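First comes the structure, then the notes that go with it.
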Amino acid sequence: MTRRIGAVILALAALPLAAQQTGSLCVKANTGRAGVFLDGKYLGPAANFRVARTYSVPAGEHELKLADPRYEEFDSKVNIVAGKKTTIKQALKELPPAKPPFGQLHTRSADKFAAVYVNGRFMGHAGEFNNNSQALLLNPGDYDVKIVPTSGAPIEQKVKIEADKSVIVK
C-alpha cells in the first residue's frame with residue numbers, strides 16, 4: 001500500500017504544475033454551434049463537425065454560458081475538478097426564426113474559431129461565415145461587427161447590410 005501511494009505521489013510530481021491544476025470541460029448541446037463561454041471568455045464552439053469539443057480549463061467553480069443566435073442563452077455554474085473531465089449536457093430552447101429580407105455577412109479570419117459578435121451579441125465563429133456558400137443572414141441595417149481571435153487583436157468594423165447583398169469583414 002505504501003509503495004502504491006509513493007508511486008502516485010511520484011506520478012503527480014512528474015506532471016507539470018499546470019496539469020495538476022486543470023481539468024477539462026466538454027459540452028454536449030443540441031446545437032453544436034453554441035459558443036462555450038467560461039467566466040465571460042469565449043473558449044470555442046460546443047462541437048466541431050458534430051463531435052463535442054473538450055477544453056482544458058482551470059480547476060474550480062466557473063460561470064458557464066452557452067450562446068447561439070437561434071436559441072435562448074444558457075447560464076450555469078460549473079465545478080471543474082483537477083485532472084477530471086466534466087461533461088455538461090444541455091438542450092437549448094429554440095427562438096422563433098428571423099424574417100426576411102436578408103443580406104449576407106461573410107468573415108475572413110486566419111483563426112476559424114475566432115468569435116464573431118454583431119452589435120455585441122455572439123453569432124458564431126469565423127469559420128461558419130467564411131466562404132460564398134456560408135454567411136450570416138442579417139436584416140438590412142447598420143451593424144457593429146467584432147471578430148475576436150483566440151489570440152491577437154480583435155477586428156472591429158461598422159457595416160451596412162442591404163437586402164440580397166453581401167458584405168465581407170476581414
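Numbers at a glance
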| read-out | value |
| --- | --- |
| Selected residue [of a type in the set (A, V, I, L, M, F, W, C), open to solvent by 20 Å² or more (accessible area, probe 1.4 Å) and under 19 Å from the mean Cα position of the chain (by Cα)] from PHE113, PHE102, PHE129 | PHE113 |
| Residue within the range 82-98 that is farther than 16 Å from THR31 by Cα and open to solvent by less than 20 Å² (accessible area, probe 1.4 Å) present | no |
| Matching residues in the range 52-76 - criterion: being part of a strand (DSSP E or B) and within 16 Å of GLN90 (Cα to Cα) | ALA52, THR54, GLU63, LEU64, LYS65, LEU66, ALA67, TYR71, PHE74, ASP75, SER76 |
| Exclusive hit being farther than 22 Å from GLY32 by Cβ, modelled with pLDDT of 95 or more, in contact with a Leu (Cβ under 8 Å, 6 or more places away or on another chain) and not β-branched (Val, Ile, Thr), set LYS99, LYS158, LYS146, LYS77 | LYS77 |
| Scope the range 37-63; condition at positive phi and of a type in the set (Asp, Glu); matching residues | ASP39 |
| Some residue of the range 90-98 being over 30 Å from GLN21 (Cα atoms), in a strand (DSSP E or B) and out of contact with any Lys or Arg (no Cβ under 8 Å at 6 or more places or on another chain) | no |
| Evaluation of ARG50 against (1) at pLDDT 95 or above; (2) farther than 26 Å from GLY120 by Cα (one fails), failing number | (1) |
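The rows are residues; the columns are (1) in contact with a Gly (Cβ under 8 Å, 6 or more places away or on another chain); (2) of a type in the set (S, T, N, Q); (3) without any contact (Cβ under 8 Å) to a residue 40 or more places away in the chain.
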site	(1), (2), (3)
SER24	no, yes, no
VAL36	yes, no, yes
LYS41	no, no, yes
ASN48	yes, yes, yes
HIS62	no, no, yes
ASP68	yes, no, no
VAL78	no, no, no
ALA82	yes, no, no
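The values are calculated or read from the model by the stated rules, or taken from the named source; none is laboratory data. What you are looking at is a predicted structure, and each value in this text was computed from that prediction instead of being measured. Neighbour counts are summed over all protein chains in view; Cβ atoms, including those assigned to glycine, are modelled from backbone coordinates with ideal geometry. Accessible surface areas use protein heavy atoms only, side chains included; no ligands, DNA or RNA. Shrake-Rupley method; radii C 1.70, N 1.55, O 1.52, S 1.80 Å.
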